[in-house]
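Encoded as structure tokens, the structure appears first; notes follow it.
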Amino acid sequence: MTTHREPLDSVLDTIGETPLVRVHAAPESVPVYAKLESFNPGASVKDRIGKYMLERMLERGDVSEGGTVIEPTAGNTGIGIAVAARQLGLQAVFVVPERFSKEKQQLMRALGAEVINTPTDDGMGGAIERAHELAAELDDAVVPQQFANPLNSEAHYATTAPEIYEALDGEVGAIVAGCGTAGTLMGMARYGREQHPDTYVCAVEPEGSMYAAFAGESPEEADYKTEGIGTHNPATNELFDPELVDEIRAVADRDAHDELKRLAREEGHLVASSAGAAAVASLDVAERAARGDLDLPHDSVVTVFPDSAERYLSKGIYRSFEQWEG
Ligand code: PMP
């Protein structure tokens, strides 16, 4: 979103500058603010990395105009890359595990990309492998590989974080964000720790995900319905830096689902399950700080609501917890 006061040349100019809105369930003394990333043209936080990574890769000569970008993705990154690819003169191919939302796959195709499905049981690891195989078969093809590409977190260091700090005049006490690739959290955490070394950083994952292994814990692996965050295989992630994280919080699917419904009903936010999980963790950090159980350099918590519930209506996101397919 921009101020939209002047005509813009391209849809790429509408990426970023999203609104930062207060979450009213937080204690008065420690407000929580959420960055509403569904305001981007592809309706998710991933438009930021689509634009940023492709522009930098073209500048560096990793790929040239007319070349192909191939990415393993749960969906939103595909949409973000597809939005940017066409405008920058690139072809886009996405490798998506079957279980991910059909809406996302339709949108990638509508944006002119090719979508290839891999079996759900092969997980993101299977999709990553297939993407590299395909790239090896083509001339001038590149795999940005969001799970391993520093440009992913750099996009958030360069855009998401400074926008938040500007909106709050630098007064940010804690940064809380869901981790899929962890690009969003890592970019914001690095920026935040530079502003204030004691900035509290909380990584959010669904219960059953394995990010806590980075903190030396042995979480119990299980399936989860929350989409876009978490990992079954931390080894495929090269961005997550435990040094930049104070807490890894696992949120139960049921709590994320209750919260995403509450956010719609009470606060007017049509956000999805990863935002529900981020809100649960953010409210908890704010409540602990308000009680005096947690010391923050400023009395505020910021988080990101990565996308919109409309993307998951076919999975029954607003039905009962049992009926939500996740
Ligand atoms: N929520 C949703 C819905 C997502 O698609 C993603 C990206 N996988 C995230 C959160 C997490 O973002 P990141 O990859 O930057 O950790």
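Things worth noting here:
- Count - residues of the stretch 278-324 that are closer than 16 Å to ARG249 by Cβ and small (Gly, Ala, Ser): 6
- Of everything listed in (1) in contact (Cβ under 8 Å) with a residue 40 or more places away in the chain; (2) more than 18 Å from the chain's Cα centre (by Cα), the single unmet condition for GLN106 is (1).
- Screening ALA212, ALA167, ALA250, ALA189 for residues that are aliphatic (A, V, I, L, M), at pLDDT 95 or above, within 13 Å of the ligand (Cβ to nearest atom) and outside the structural domain of GLU55 (by TED's automatic domain parsing) leaves exactly one candidate, ALA189.
- Considering the stretch 1-103, the qualifying strands (runs of 3 or more DSSP E), each wholly inside and each with 2 or more residues that are within 20 Å of LEU168 (Cα to Cα) and at pLDDT 95 or above, run over 20-23, 32-36.
- For the stretch 55-79, residues that are within 15 Å of VAL143 (Cβ to Cβ) and within 16 Å of the ligand (Cβ to nearest atom) total 5.
- The listed residues are ALA161, ALA182, ALA177, ALA148, and the only one of them that is within 13 Å of the ligand (Cβ to nearest atom) and on the phi > 0 side of the Ramachandran plot turns out to be ALA182.
- Of all residues in the stretch 126-137, those that are within 16 Å of ALA148 (Cβ to Cβ) and charged (D, E, K, R) have Cβ atoms under 8 Å from Cβ atoms of residues that are open to solvent by 20 Å² or more (accessible area, probe 1.4 Å) and not in a helix (DSSP H, G or I), 6 or more apart or on another chain, in ARG130/ILE116.
- Within the stretch 280-316, restricting attention to residues that are more than 25 Å from HIS196 (Cβ to Cβ) and touching a residue at least 60 places away in the same chain (Cβ under 8 Å), the residue that is surrounded by the fewest Cβ atoms within 10 Å (Cβ to Cβ) is SER314.
- Residue identified as of a type in the set (Lys, Arg), within 13 Å of the ligand (Cβ to nearest atom) and at pLDDT 95 or above among LYS225, LYS261: LYS225
- Tabulated pairs, the stretch 141-152, first of a type in the set (Gly, Ala, Ser), second part of a loop (DSSP other than H, G, I, E, B) and at pLDDT below 95, C-beta under 7 angstrom, 6+ apart or interchain: ALA148/GLU238
- Qualifying residues in the stretch 210-227 (those that are of a type in the set (Gly, Ala, Ser) and in contact with a strand residue (DSSP E or B) (Cβ under 7 Å, 6 or more places away or on another chain)) - the one most open to solvent (accessible area, probe 1.4 Å): ALA215
- Residues that are among the β-branched types (Val, Ile, Thr), part of a helix (DSSP H, G or I) and surrounded by 21 or more Cβ atoms within 10 Å (Cβ to Cβ) within the stretch 140-183 comprise THR160, ILE164, listed in sequence order.
- The listed residue being under 14 Å from GLU238 (Cβ atoms) and more than 13 Å from the ligand (Cβ to nearest atom), out of VAL172, VAL143: VAL143
- Selection within the stretch 256-270 - within 19 Å of the chain's Cα centre (by Cα) and open to solvent by 10 Å² or more (accessible area, probe 1.4 Å): GLU259, HIS269, LEU270
- Test: residue in the stretch 235-253 that is farther than 20 Å from VAL172 by Cα, buried (at least 24 other Cβ atoms within 10 Å of the Cβ) and of a type in the set (D, E, K, R): no
The values are calculated or read from the model by the stated rules, or taken from the named source; none is laboratory data. Bear in mind the structure is a predicted one, so any value in this text is a computation, not a measurement. Methodologically, a virtual Cβ is constructed for each residue, glycine included, from the backbone with ideal geometry; neighbour enumeration extends over all protein chains shown. Remember, those area values only see protein heavy atoms, side chains included, never the ligands or the DNA or RNA. Shrake-Rupley method; radii C 1.70, N 1.55, O 1.52, S 1.80 Å.
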